[in-house]
Amino acid sequence: MPRAPDTLNRQAEEFILLHHSEEHTDADTGYTERRLTDIRAEISATGTYRHSAAELAFGARVAWRNSNRCIGRLYWRSLRVRDCRELSDAEDIARESAAHLREAGNGGRIRPLITVFAPDTPHRRAPRIWSEQLVRYAGYATAGGRVVGDPRNTGITALALRLGWPGGPGTPFDVLPLIVQDGDGTLRWFVLPDDAVLEVELRHPEGGWGAEWGLRWNAVPAISCMCLEIGGVCYPSAPFNGWYMGTEIGARNLADTDRYDLLPRVAERLGLDTSSDRSLWKDRALVELNRAVLHSFDRAGITMSDHHTESSRFLTHVDREEAKGREVGADWSWIVPPISGSATPVFHRTYDATERRPAYVQHPEALAHTRGEHLV
Ligand code: ARG
């Protein structure tokens with residue numbers, strides 16, 4: 001929501017000075033002072049201000065750098081920014097979101113990318129993407145209380161159906177339509193074109209299992225429910241992606257008991273003794289499921305990192321930032337991978353959790369239909 005002018009002035013100034021101090025925007029003497037004067041005038045005339053393209057790109061990149069939950073921040077400078085700030089119609093957002101997925105997917109060589117749509121202004125609320133990510137799988141609640149698909153998405157699936165989406169074929173991996181809320185509050189749904197959704201069929205390197213179960217996952221994790229906040233300006237529709245780390249799929253999406261809950265099935269296929277937790281059947285099934293995920297992405301030629309590589313990259317990132325005189329905020333419980341934590345170097349230390357701006361923040365109203373904490 002729009003900020004009171006004095007708060008906005010202060011946040012704008014803080015951001016412009018940060019941009020100045022890191023990118024030396026004052027090579028042209030006096031630029032920063034002039035920019036601040038212009039922004040103050042613009043805020044007093046219109047209640048908001050417009051970022052330059054350079055400010056927008058810097059803000060989006062630093063917001064990634066400031067994401068305390070993200071282990072993949074080493075490449076924060078490489079984030080590409082698609083400037084779609086002039087777009088605020090739901091159709092345009094759906095079309096450009098599909099274009100985003102194609103450009104990010106890049107035939108398998110995944111590129112970190114953000115598309116920034118219209119910001120909120122004091123006169124007009126910007127549209128919002130209600131879908132948690134651009135690509136999500138439906139979760140159909142059945143009469144018996146079982147869910148076909150991803151149980152995480154039963155809320156948004158029910159909403160899509162209520163809005164008139166006819167539903168998919170009913171597989172466990174039906175791609176949901178994108179749900180976009182217009183500036184006037186109307187909710188609309190848009191089916192993503194097939195060629196925008198890059199997916200990988202999953203199979204175990206030795207057993208080959210997975211294929212016959214129809215296991216798959218999408219290749220581009222594009223979070224679409226977070227607001228990009230830069231210098232007091234809120235861009236509620238700003239889908240962004242990096243590439244997957246295998247454990248997100250193999251140790252969480254497919255394994256959590258409130259998601260696809262596949263460990264019992266994998267253990268059975270592996271012939272493990274599931275009569276007691278002490279046989280460590282869950283642990284063994286987790287490892288094999290994660291091997292299947294990494295193997296399948298590799299075989300398909302699609303970028304994916306593993307938790308060992310990404311952990312050591314993260315510590316490189318921390319060192320590089322510290323060498324620049326910047327402290328890296330981090331949330332230990334999100335940074336440490338969900339399997340083999342202590343076998344990765346990120347486990348064996350603590351982090352400062354200070355939150356900084358610019359940042360990607362949750363906007364609560366779009367998340368009302370999902371549940372609490374571990375949203376991404
Ligand atoms: N954990 C989320 C998922 O499994 C994606 C979060 C972002 N991940 C990323 N590698 N950029 O869908």
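Return one quarter of the surface area of the convex hull spanned by the alpha-carbon atoms of the chain, equal to its mean projected area, in nm².
Values: hull surface 80.0 nm².
Across all orientations, the chain yields a mean hull projection of 20.0 nm².
Global size of the stretch 287-357: 14.4, 41 Å for Rg and Dmax (C-alpha atoms, Rg to one decimal, Dmax whole).
Equivalent ellipsoid semi-axes for the stretch 44-96, as square roots of 5 times the alpha carbon gyration tensor eigenvalues: give them largest first, rounded to whole Å. Show your work: numbers first, answer last.
On the way: eigenvalues 118, 60, 22 Å².
Ellipsoid semi-axes (Å, largest first): 24, 17, 10.
Label point of Lys282 set 7 angstrom out along Cα-Cβ; within the stretch 294-311, no amide nitrogen lies under 20 Å from it.
Put simply, when 257-264, 153-160 are sorted by average Cβ atoms within 10 angstrom per residue, most first, you get 153-160, 257-264.
Please report, largest first and rounded to whole Å, the three semi-axes of the ellipsoid equivalent to the stretch 94-156, where each semi-axis is the square root of five times an eigenvalue of the C-alpha gyration tensor. List each step's numbers first, then the result.
Working: eigenvalues 163, 86, 11 Å².
Ellipsoid half-lengths, sorted descending, are 29, 21, 7 Å.
Take 356-362, 232-238 and order them by the average number of nearby Cβ atoms within 10 Å per residue, most first; the result is 232-238, 356-362.
Kirkwood-type hydrodynamic radius, the stretch 1-100: 15.5 Å, calculated from all non-identical alpha-carbon pairs. Ranking Gly145, Pro193, Pro169 by Cα position along the charge dipole of the stretch 113-218, where only Lys, Arg, Asp and Glu carry charges on their C-beta atoms, puts Gly145 farthest toward the positive end.
Ranking Val197, Val266 by Cβ neighbours within 10 Å, fewest first, what do you get? Please list the in-between numbers first.
On the way: Val197 17, Val266 27.
By the 10 Å Cβ count, ascending: Val197, Val266.
Give the Debye-formula value of log10 I(q)/I(0) at each listed q (0.10, 0.13, 0.15, 0.19 Å⁻¹), with one equal scatterer per alpha carbon of the stretch 224-324, two decimals each. Relative scattering, expressed as log10 I(q)/I(0), comes to -0.45, -0.68, -0.82, -1.01.
Please work out the ratio of the alpha-carbon Rg of the stretch 9-63 to 2.2 N^0.38 Å and round it to two decimals. Write out the running numbers ahead of the final one.
Working: Rg = 10.8 Å, N = 55, 2.2 N^0.38 = 10.1 Å.
Normalised by 2.2 N^0.38 Å, the Cα Rg of the stretch 9-63 equals 1.08.
Before rounding to the nearest 500, sum -39500 (n - 2.57) across all DSSP H runs of length at least 4 in the chain and divide by the residue total; then give [θ] at 222 nm in deg cm²/dmol.
-10500 deg cm²/dmol
Each reported figure results from applying straightforward, stated rules to the coordinates on display, with no laboratory input. This structure is a prediction, so every number in the text was calculated from the model and none was measured. Reconstructed Cβ throughout: ideal geometry from the backbone, glycine too, with neighbour counts over all protein chains shown.
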